[in-house]
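Heads up: the structure comes next, in structure tokens.
The values are calculated or read from the model by the stated rules, or taken from the named source; none is laboratory data. These figures come from a predicted structure and were not determined experimentally. For neighbour counting, all protein chains shown are included, and Cβ atoms are generated from backbone atoms with ideal geometry for every residue, glycine included. Note: areas computed on protein heavy atoms with side chains; ligands, DNA, RNA excluded. Shrake-Rupley method; radii C 1.70, N 1.55, O 1.52, S 1.80 Å.
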Amino acid sequence: MDKCLILLSFILVANVASAGDLLGYLTDENDRYTGPTVEENVALMDTDKNGFADVQEVRAFLALKHGKDYEKDLLDRWELHSQGSSCHAPFVKELYSEKNS
């Protein structure tokens, strides 16, 4: 799950610029990557210093970079999925309420 969150966060961040502009910005004259590493990006997002960036931390990071409502619908759905309350099957509600009690 953590790897999926991290991957999604980088996909969202990469959508901001076109591929050509981003590639030119993140490479040197020898076409070597000079941008931030995955670890550096996660460290920037990981405000509670637990080693990974959860949905709320990714959302806060993106809001700082792109504004409060950046990808709001997508991040709302992502947050619901992370809370385990997005599945509407009848038995899930019972399991979810037992888990949180």
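Scan the stretch 38-47 residue by residue and report those that are surrounded by 14 or more Cβ atoms within 10 Å (Cβ to Cβ) and of a type in the set (D, E, K, R).
Result: 46, single match.
Name the residue that is surrounded by the most Cβ atoms within 10 Å (Cβ to Cβ), counting only residues in the stretch 48-75 that are in a loop (DSSP other than H, G, I, E, B) and not charged (D, E, K, R).
Going through the qualifying residues, I end up with 53.
Being open to solvent by less than 60 Å² (accessible area, probe 1.4 Å) and at positive phi: is that true of residue 35 here?
Working: open to solvent by less than 60 Å² (accessible area, probe 1.4 Å): yes; at positive phi: no.
Here the answer is no, as residue 35 does not meet what is asked.
Would you check if there is a residue in the stretch 2-25 being modelled with pLDDT of 75 or more, open to solvent by less than 70 Å² (accessible area, probe 1.4 Å), touching a helix residue (DSSP H, G or I) at 6+ places or on another chain (Cβ under 8 Å) and not in a helix (DSSP H, G or I)? Explain how you work it out, then say what you get.
Within the stretch 2-25, the first condition is being modelled with pLDDT of 75 or more, and the residues that meet it are none.
Within the stretch 2-25, not a single residue is modelled with pLDDT of 75 or more, open to solvent by less than 70 Å² (accessible area, probe 1.4 Å), touching a helix residue (DSSP H, G or I) at 6+ places or on another chain (Cβ under 8 Å) and not in a helix (DSSP H, G or I).
Considering only residues that are farther than 11 Å from residue 6 by Cβ and among the polar types (S, T, N, Q), look in the stretch 38-55 and name the one that is modelled with the highest pLDDT.
Among them, the one singled out is 47.
Of the residues 35, 67, 84, which is under 30 Å from residue 24 (Cβ atoms), of a type outside the set (A, V, I, L, M) and modelled with pLDDT under 85?
Of the residues listed, the single one that is under 30 Å from residue 24 (Cβ atoms), of a type outside the set (A, V, I, L, M) and modelled with pLDDT under 85 is 35.
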